[in-house]
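Since the structure comes first, as structure tokens, the remarks are kept for the end.
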Amino acid sequence: MDIAHFKQMRIFCGSHNVELAQEVADLLGVSLGRLHRSKFSSGEVYARSNESVRGTDCFVFQSHSPPINDAIMEQLIIIDALRRASAHSITAVMPYFGYCRQDKKVLPREPITARLVGDLFMTAGADRLVSVDLHTGQLQGFITKPFDHLTAIPIISEYLATVISDDVTIVSPDAGGGKRAEKYARQLNADVALVYKRRDVRLHNISEALAVTGVVEDRNAVIVDDIIDTGGTVTNAAKLIRTMGAKSVRIAATHGVLSMGAMQRITEAGIDEVVVTNTLPVPEGASRAGNLKVLSIASIVAKSVQAIFTDDSVSKIFLGENF
Ligand code: R5P
């Protein structure tokens, strides 16, 4: 018996960044899937699709924002519900991959939690993961299914080009970010400098900026990172660059975790502008900061979702720069 197979797309989202999922759905001209999400009095999460998903290609959005464990668990439960409801395929879209920085052991007896998160998504039934500017590319190898890696660097660079054009130096706040800084520099036709950062692996969230390689004097410096969490890394780099005579100091990162006190730290460091994207919702207090610019990644996510759905190339969207 032969039957024609019509592909049907469904976009569902968890409760942590409905705005982004809605923006993507609007760009694709589809409605968000009707999902019943609730919590039992014990705190357990419940999710059920209010419509049949049998045979459909489902995209399940969730930003892994605080409370991060709730965010991950909710996304896993939605995926489990869709798998048991006979979805044809399930793509987990996590613009920010929670626990991405716990990707290796730096001390004996440590967990590798990023791998555990990948395993959980495989167990729940995801056929594919999608994320933006992974902390490190090898996270893609932590799962056994396809992992599409998107980048917000073109969106951030395009914005930066509208506010600074001359004498630009892109600064990586640590050695690990050197390749990222080069990508920004290529887009902005800028020079590159590197900060030597030291971290005590026994302490969470504490680091020092010790030296800079490259020219920052009389330059418009842009410190680029993947994540701004406490703001310690970028503000330490900013203070050092200021003492070395930079004309202006901006910071730009894909993921604005902006945990407790980050915006205050950034304000006190006299940074001209902070640029992040909406891979994560901006925390309440931080959104009031006058020098914070939030760019939307909806356009690149929508194009990527469309490419995945139609079996088209994702790397073509990023001209091969998403590696
Ligand atoms: C570290 O390797 C990351 O790329 C970021 O530099 C770091 O996670 C930022 O954290 P914080 O803002 O707390 O210094």
**OP:** Please list, ordered by first then second residue, the pairs with beta carbon atoms under 8 Å, 6 or more apart or interchain, first in the range 163-187 and away from the ligand (no atom under 16 Å from the Cβ) and assigned to a loop (DSSP other than H, G, I, E, B), second of a type outside the set (Gly, Ala, Ser) and open to solvent by 70 Å² or more (accessible area, probe 1.4 Å).
**Re:** Asp167/Asp218; Asp167/Lys247
**OP:** Could you tell me which numbered condition Leu319 fails, if it satisfies all but one of (1) within 16 Å of the ligand (Cβ to nearest atom); (2) on the phi > 0 side of the Ramachandran plot; (3) open to solvent by 30 Å² or more (accessible area, probe 1.4 Å)?
**Re:** (1)
**OP:** Determine, yes or no, whether Ile78 is part of a helix (DSSP H, G or I), touching a residue at least 24 places away in the same chain (Cβ under 8 Å), buried (at least 18 other Cβ atoms within 10 Å of the Cβ) and among the hydrophobic types (A, V, I, L, M, F, W, C).
**Re:** yes
**OP:** For residues that are touching a helix residue (DSSP H, G or I) at 6+ places or on another chain (Cβ under 8 Å) and part of a loop (DSSP other than H, G, I, E, B), scanning just the range 137-151, find the one that is most open to solvent (accessible area, probe 1.4 Å).
**Re:** Thr144
**OP:** Among the residues of the range 90-113, write down those that are touching a residue at least 12 places away in the same chain (Cβ under 8 Å) and open to solvent by 30 Å² or more (accessible area, probe 1.4 Å).
**Re:** Tyr99, Arg101, Gln102, Val106, Leu107
Original post:
Out of (1) part of a loop (DSSP other than H, G, I, E, B); (2) over 19 Å from the mean Cα position of the chain (by Cα), what's the single condition that is false for Pro95?
Top reply: (2)
Original post:
Using beta carbons and a limit of 8 Å, which pairs, at least six apart or on different chains, have the first residue in the range 132-145 and closer than 19 Å to Gln62 by Cα and acidic (Asp, Glu) and the second one open to solvent by less than 40 Å² (accessible area, probe 1.4 Å) and assigned to a loop (DSSP other than H, G, I, E, B)?
Top reply: Asp133/Thr151; Asp133/Ala152; Asp133/Thr279
**OP:** Could you pull out every one of the helices (runs of 4 or more DSSP H) wholly within the range 230-323 that has 1 or more residues that are under 17 Å from Tyr159 (Cα atoms) and touching a strand residue (DSSP E or B) at 6+ places or on another chain (Cβ under 7 Å)?
**Re:** 298-309
Subject >> Which listed residue, of Ala252, Ala238, Ala221, is modelled with pLDDT of 95 or more, surrounded by 24 or more Cβ atoms within 10 Å (Cβ to Cβ) and away from the ligand (no atom under 15 Å from the Cβ) >> reply: Ala221
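The values are calculated or read from the model by the stated rules, or taken from the named source; none is laboratory data. Given the structure is predicted, the values throughout are model-derived calculations rather than measurements. Glycine gets a Cβ as well: all are built from the backbone with ideal geometry, and neighbour counts include every protein chain shown. Side chains included, ligands, DNA and RNA excluded: accessible areas come from the protein's heavy atoms. Shrake-Rupley method; radii C 1.70, N 1.55, O 1.52, S 1.80 Å.
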